[in-house]
């Protein structure tokens, strides 16, 4: 079931490349717009100076300090912009997650936007509940770290607690909660659950189906590699645009990983449902089996 | 031939016993490579000290001798009791620092320290004393009751960092007096680079510095700012302030310290004796031609040794930093090489590098420096190297060229920061301090930023250290600004002349007490230039350098007679935006690839340069060689005819990709 579910993720990417492009394009547009003030600021401050080409080639801390002096207001505005953009992005992420789940369920023939429209509000509520879990986890890690640092109060101890243990716990914990969150969203969409029931389903379902963990882990690693490649690889030889285009190629792969990731998890969830509830699975899978892309009417609750 | 072979065989046979045979004739290790004294050795200290780690005390007895250098008798001696700065929150040090200093916080019962002089007496006559025998009656020899605290700087009655003792009989010119002093030093929790701290292994580490009653400096007429025709000299014994360091006379130190057997000891000078008995280790160190003595003890030090020419290098490292031993040696050798080539010889035979704990790090004592690093310090961040190079530099500036750190701190910290920048950048390249794939920070760049972006118009370099408004002004004006102004001066005079200035300064003033005035005199003498305009503005004053290319315009013009084609009049207007004046170079590039390089004295508030050429001016660039490091805004030194958005585009695209990554990361975790 694990292998089939994993493959289903790749099938989802093949079947619905438009979703990959949509996810990629929205991220690109959002980031491009946010980065626009940087262009304006540097164009105004550095453009007339003649230092632009040199600085693009080689970092100069003194000149950058002068730039920050002059463009500081714009840059601090960017920080503010990011501050409020992140919550908005999380709302959007809640929307496109359920949109993807809806679009990829039952063989992948449903409308993405219909899923967004129908489930986004509940997905935001679900996200708030999981957000609470995240806060609890972060608070717990913080308390644990401070407690350990008091006990293990040397330089080595502090390093291990704050630079090794705490970041590891935060990343693993957040990934774990994200896994639960994924299945909560799937339950919300596939089983038409209410927010609290979807939350509980997400919290319990993966524990009853342990293969959910390695499935998540594999996609997590693939996504992480796609995300890290633009940073790790140095494409300076290709010039400014060459570097950007190569980075975008990897980021397109990252968007594909998102679609594949959800595709795998939805397929896994549905396969388990079919196995555990053959009657329901038969009833639900029948129309999907006959469907063609984009034509399937949204099914009502089971 | 046979006899020669027999001789060689006999010699080889004796080789295993060579150390044993050599032992009876072994002489004490030399403290310097000089044949005789390097300084006038006006003082000498013979100290016996016992460290009690549990009680964190050092019980000590010292015999201190002092020779009156004046032509007038001197009836009073003054001593520093530096440790009393950490006696309570009422000392001048604590009042000025607000109880916080480099990680020290005046909280808890075991943080305070202090020094108690329990007995002070005129020493019994010694063979060779210049004092007449029987000069003092029995009552007169005990000076304990004559000790009084004085506060020459701020009158704070609670400050007990300086004592004065009126002698029963003045010390005659040229006469030497010897005192016996018993004292108990209570080591504070590490503060201002002295005290105790707990090691990773749970033991006690001690940095025993500024720990004994130490004579101030008696400045006779003609020394530093005491007029040569003054009737007599005066003591220069400042209180210990939050922003001040030290000042003392050269002499000899012989210190015998007893510590628990498990403790590893590092100290100024060379070890001349070591015995172990009844669980205690007793070591004797000799240091000559130095003005201070510090030592450290910890049961957890790892010891590494190396050599550089005549210098025995010893590194005492915290066990969890053992991976960084080579970084320390490499850095100190880089410094030794370059100081030797650029300034002068390091005459001492030892150098001990101590990896202390917390606030004990980053300090200099004669032939002993504290460096400091942290666990897993990444290789791209060269802070251990920087601190090691900096602290080693103090062996020259204040170590040998012993300016007054209280009154003219820039002469040691500032000049040393200048050499730190040169050495770091020369040894480690453009990313000397930080070297990441996309961000490289040089030491010179770091010093420049610390000055130019930190209220450059506040706090003159020539200011008594405790008179700066705050620690930030002190730090900037004492370290970063002098480094930056000396880098600027170097570019003005040329590297070769600058090196000659420092070599002459070293030759002339080592083992003496120079002033700012003396340094300027050497610079002017060697360069053959009047540099008053420079030092007046940037050392004695707070002038700020900021020039800009205000405008660059070209318009069509009549061609000269007899020529054809398009001609242009290009006008470049340059401004002096602040009060600092520095000669400038203006480079103008034209569209046809030609260039003109012009000099401007930089005195006027603005100046317009006009060019008549067959091509438009494409670029005007003030200080194209980046020589005037004092300029607080380099970005406005250059202007082009159009707009170059290469950087703007690159950063926008980079940020676009980065933000996408951030969003995906958020999406992947929430």
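The values are calculated or read from the model by the stated rules, or taken from the named source; none is laboratory data. A quick note: this is a predicted structure, and the numbers were derived from the prediction, not measured. Heads up, the Cβs are rebuilt from the backbone with ideal geometry, glycines too, and the neighbour counts pull from every protein chain shown.
A single member of B:302, B:317 is in contact with a helix residue (DSSP H, G or I) (Cβ under 7 Å, 6 or more places away or on another chain) and surrounded by fewer than 21 Cβ atoms within 10 Å (Cβ to Cβ), and it is B:302.
Restricting B:465, B:471 to those that are within 17 Å of the chain's Cα centre (by Cα), modelled with pLDDT under 95 and surrounded by fewer than 24 Cβ atoms within 10 Å (Cβ to Cβ) reduces the list to B:471. Among the residues of the stretch A:37-51, those that are under 29 Å from residue A:83 (Cβ atoms), within 7 Å of chain B (Cβ to nearest Cβ) and in a helix (DSSP H, G or I) comprise A:38, A:39, A:42, A:43, A:47. For the residues A:144, A:174, the requirement of being part of a helix (DSSP H, G or I) and more than 10 Å from chain B (Cβ to nearest Cβ) singles out A:144. Scanning the stretch B:425-437 for residues that are within 14 Å of chain A (Cβ to nearest Cβ) and in a helix (DSSP H, G or I) yields a single hit, B:425. Residues in the stretch B:343-375 that are in contact with a helix residue (DSSP H, G or I) (Cβ under 7 Å, 6 or more places away or on another chain), surrounded by fewer than 19 Cβ atoms within 10 Å (Cβ to Cβ) and more than 20 Å from residue B:245 (Cα to Cα) were compared, and the one that is farthest from the other protein chains (Cβ to nearest Cβ) is B:344.
So which of B:297, B:262 ends up being over 30 Å from residue B:469 (Cα atoms), at pLDDT 95 or above and crowded, with 17+ Cβ neighbours inside 10 Å?
Values: B:262 fails: crowded, with 17+ Cβ neighbours inside 10 Å.
None of the others qualify; the one that does is B:297.
For the stretch A:256-263, the criterion of being modelled with pLDDT of 90 or more, under 22 Å from residue A:19 (Cβ atoms) and away from chain B (no Cβ under 14 Å) is met by at least one residue. Against the test of being assigned to a helix (DSSP H, G or I), over 30 Å from residue B:201 (Cβ atoms) and touching a helix residue (DSSP H, G or I) at 6+ places or on another chain (Cβ under 6 Å), the options A:200, A:129 yield a single qualifying residue, A:129. The requirement of being modelled with pLDDT of 90 or more, part of a loop (DSSP other than H, G, I, E, B), over 16 Å from residue A:8 (Cα atoms) and more than 18 Å from the chain's Cα centre (by Cα) is fulfilled somewhere in the stretch A:206-218, by at least one residue. Criterion applied to A:143, A:126 was being touching a residue at least 24 places away in the same chain (Cβ under 8 Å) and on the phi < 0 side of the Ramachandran plot, and the one residue passing it is A:126.
Among the residues in the stretch B:283-305, are any in a strand (DSSP E or B) and free of Cβ contacts under 8 Å to residues at least 24 places away in the same chain? Yes, there is a match, as at least one residue in the stretch B:283-305 is in a strand (DSSP E or B) and free of Cβ contacts under 8 Å to residues at least 24 places away in the same chain. Restricting the first member to the stretch A:215-234 and to residues that are within 9 Å of another protein chain (Cβ to nearest Cβ), and the second to residues that are outside any helix (DSSP H, G or I), the beta-carbon pairs closer than 8 Å and six or more apart or on different chains are A:234/B:437. Look at residue B:332 and say whether it is crowded, with 19+ Cβ neighbours inside 10 Å and in a helix (DSSP H, G or I). Considered against the rule, which asks whether it is crowded, with 19+ Cβ neighbours inside 10 Å and in a helix (DSSP H, G or I), residue B:332 comes out as yes.
Checking the conditions here, which among A:32, A:10, A:51, A:2 is free of Cβ contacts under 8 Å to residues at least 24 places away in the same chain and over 23 Å from residue B:658 (Cα atoms)?
Working: A:32 fails: over 23 Å from residue B:658 (Cα atoms); A:10 fails: free of Cβ contacts under 8 Å to residues at least 24 places away in the same chain; A:2 fails: free of Cβ contacts under 8 Å to residues at least 24 places away in the same chain.
None of the others qualify; the one that does is A:51.
If a residue has to be in contact with a helix residue (DSSP H, G or I) (Cβ under 7 Å, 6 or more places away or on another chain) and either within 25 Å of residue B:642 (Cβ to Cβ) or without any contact (Cβ under 8 Å) to a residue 12 or more places away in the chain (or both) to count, how many in the stretch B:539-567 make the cut? Within the stretch B:539-567, residues that are in contact with a helix residue (DSSP H, G or I) (Cβ under 7 Å, 6 or more places away or on another chain) and either within 25 Å of residue B:642 (Cβ to Cβ) or without any contact (Cβ under 8 Å) to a residue 12 or more places away in the chain (or both) number 3.
The set of residues from the stretch A:142-168 being crowded, with 17+ Cβ neighbours inside 10 Å and under 30 Å from residue A:262 (Cβ atoms) comprises just one member, A:166.
Listed here are the residues, each with its yes/no results for (1) over 20 Å from residue B:328 (Cβ atoms); (2) not in a loop (DSSP other than H, G, I, E, B).
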| residue | (1), (2) |
| --- | --- |
| B:379 | no, no |
| B:388 | no, yes |
| B:411 | yes, yes |
| B:422 | no, yes |
| B:444 | yes, yes |
| B:448 | yes, yes |
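Would you confirm, using the coordinates I've provided, whether residue B:71 is out of contact with any strand residue (DSSP E or B) (no Cβ under 8 Å at 6 or more places or on another chain), assigned to a loop (DSSP other than H, G, I, E, B) and either farther than 30 Å from residue B:345 by Cβ or modelled with pLDDT under 95 (or both)? Before the answer, list the steps.
On the way: out of contact with any strand residue (DSSP E or B) (no Cβ under 8 Å at 6 or more places or on another chain): yes; assigned to a loop (DSSP other than H, G, I, E, B): yes; either farther than 30 Å from residue B:345 by Cβ or modelled with pLDDT under 95 (or both): yes.
Yes, satisfied.
Each residue in the stretch B:628-670 was checked for being free of Cβ contacts under 8 Å to residues at least 24 places away in the same chain and either surrounded by 22 or more Cβ atoms within 10 Å (Cβ to Cβ) or within 7 Å of another protein chain (Cβ to nearest Cβ) (or both), and 27 pass.
Looking across A:59, A:32, A:83, one residue alone is closer than 27 Å to residue B:665 by Cβ, within 13 Å of chain B (Cβ to nearest Cβ) and not in a helix (DSSP H, G or I). It is A:59.
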